[in-house]
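A.B. asks: Dumping the structure here so I can ask a few things about it.
The values are calculated or read from the model by the stated rules, or taken from the named source; none is laboratory data. Everything numeric in this text was worked out from a predicted model, so none of it was measured. Note: ideal-geometry Cβ built from the backbone for every residue, glycine included; neighbour counts use all protein chains shown.
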Amino acid sequence: MKDMDTDKTDKKDKTRDAKQVEDLVRLRRELELRLRESEKNYRDLLDHLPVGVYRTTPDGRIIEANRMLALLLGYSRPEQLRDLNVNDMYVQKSDRDEHLKKLDTSLTYFTEFELRRKDGGVIGVRDFPRAVLGPEGRVEHYTGVLVDISEQREAEQQLHKALVDLERSNRERQSMIVKLEGLSLLDDLTQLYNRRGFLAESQQRLGEARKKGFRVFFLFMDLDNLKWINDSWGHQKGDQALTQFATILTHALRRSDVKGRLGGDEFAVLAEETEGLTPDMLIDRIHSRVRAFNEAKGFPFPLSLSMGVSYFDPDHPCTIDELMVRADKLMYEQKRSKNPV
């Protein structure tokens, strides 16, 4: 009775997990659409600013520019600035060196100087540069705004409003990027699908199998003795064992097969059964690659797996949760047979 209650609880938990996955996938798609719209709004704002906006590297390469900056410098399109170096545009070569020295001690300030345009003409500009630091505290790039001083008053009035709108748009972009990263469908360590991603993709594949009438199998795998590996050899070796098996699994499968790390030492595969790939063939292929790895003695310990297989019949369809429960039981029976109590 306890086992039956446990199975019911597991099914409820996994059904709840599946519903959460569906909600998260839907939310992710909505955020992606909103991000694309935000990116477009950000680009539109940038290109319609009445001042030049730039991003440059410490060595002077222009890595981003808007349309107004190109026009100020005598070009028709921002893309034409990508092959230029700002050091070559300064009328007084020493001006840029002085700017960079000031930005070493103050991350932002403003200055006025002269730049040479494409046609050789000279314009006076006011620059509002800012140094952007990377994770190690070094300057990653410079961003700034160039104002044509001859149109200073009108431009500064428009600049204030435009920059407020631009900053608001940028905050929205960054907020959605952070949310999307939080909804990642990949496992950080192995770069396979994580549990959320695996369930989402598997549900779609089962829907296709039901409509088109092809058989699918679910392979549940557990890397044996991971706790012992972590305790005896350290978590770094444990992580290496997981990533190495992820590589073995990837090479054993077709690109179209769904593969994931469901958490801890558990891996799973959902694949269409064909003459070229049956469950027995895949299991033999995985064991063969694991044996080859162990014989190469890349680790001071061998890799070992326990596996369980369940099948999806399109004439008698079931959920991914049911497939997982069946395969999970078979996998743990195999694991217990290796280590009887």
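A.B. asks: Go through the range 107-149 and give me each residue that's within 33 Å of the chain's Cα centre (by Cα), among the charged types (D, E, K, R), surrounded by 11 or more Cβ atoms within 10 Å (Cβ to Cβ) and more than 17 Å from VAL51 (Cα to Cα).
C.D. replies: Within the range 107-149, just GLU140 meets the criteria.
A.B. asks: So how many residues does the range 76-98 have that are more than 32 Å from the chain's Cα centre (by Cα), within 18 Å of ASP148 (Cβ to Cβ) and part of a helix (DSSP H, G or I)?
C.D. replies: Residues in the range 76-98 being more than 32 Å from the chain's Cα centre (by Cα), within 18 Å of ASP148 (Cβ to Cβ) and part of a helix (DSSP H, G or I): 2 in total.
A.B. asks: Name every residue in the range 79-102 that is surrounded by 13 or more Cβ atoms within 10 Å (Cβ to Cβ) and of a type in the set (Val, Ile, Thr), in order of residue number.
C.D. replies: Listed by number, the list holds a single entry, VAL86.
A.B. asks: Something else: Out of everything in the range 39-52 that is in a loop (DSSP other than H, G, I, E, B) and hydrophobic (A, V, I, L, M, F, W, C), what residue ends up being surrounded by the most Cβ atoms within 10 Å (Cβ to Cβ)?
C.D. replies: VAL51
A.B. asks: Within the group ARG261, ARG254, ARG285, which residue is out of contact with any His (no Cβ under 8 Å at 6 or more places or on another chain) and touching a residue at least 60 places away in the same chain (Cβ under 8 Å)?
C.D. replies: ARG261
A.B. asks: Could you pull out the residue among LEU103, LEU45, LEU71, LEU84 that is under 15 Å from THR143 (Cα atoms) and either out of contact with any Ser or Thr (no Cβ under 6 Å at 6 or more places or on another chain) or of a type outside the set (Val, Ile, Thr) (or both)?
C.D. replies: LEU103
A.B. asks: Go through (1) touching a residue at least 12 places away in the same chain (Cβ under 8 Å); (2) buried (at least 16 other Cβ atoms within 10 Å of the Cβ) one by one and return the number of the condition ASN230 breaks.
C.D. replies: Result: ASN230 fails condition (1) only.
A.B. asks: Let me ask something else about it. Quick check, is LEU73 in the same structural domain as VAL51 (by TED's automatic domain parsing), farther than 15 Å from GLY144 by Cβ and at pLDDT 90 or above?
C.D. replies: So LEU73 does not fit the description; no.
A.B. asks: Out of all the residues in the range 37-47, which are free of Cβ contacts under 8 Å to residues at least 12 places away in the same chain and within 19 Å of LEU81 (Cα to Cα)?
C.D. replies: Within the range 37-47, ARG43, ASP44 meet the criteria.
A.B. asks: Select, from ARG29, ARG55, ARG36, the only residue that is basic (Lys, Arg) and not in a helix (DSSP H, G or I).
C.D. replies: The conditions single out ARG55.
A.B. asks: Right, another one. Do any helices (runs of 4 or more DSSP H) lying entirely in the range 213-331 carry at least 3 residues that are among the charged types (D, E, K, R) and farther than 24 Å from SER184 by Cβ, and which ones are they?
C.D. replies: 279-295
A.B. asks: Here are some residues: VAL132, VAL125. Which one is in contact (Cβ under 8 Å) with a residue 40 or more places away in the chain, closer than 24 Å to LEU166 by Cβ and not in a loop (DSSP other than H, G, I, E, B)?
C.D. replies: Of the residues listed, the single one that is in contact (Cβ under 8 Å) with a residue 40 or more places away in the chain, closer than 24 Å to LEU166 by Cβ and not in a loop (DSSP other than H, G, I, E, B) is VAL125.
A.B. asks: Which numbered condition trips up GLN203, out of (1) modelled with pLDDT of 90 or more; (2) more than 22 Å from the chain's Cα centre (by Cα)?
C.D. replies: The number of the failed condition is (2).
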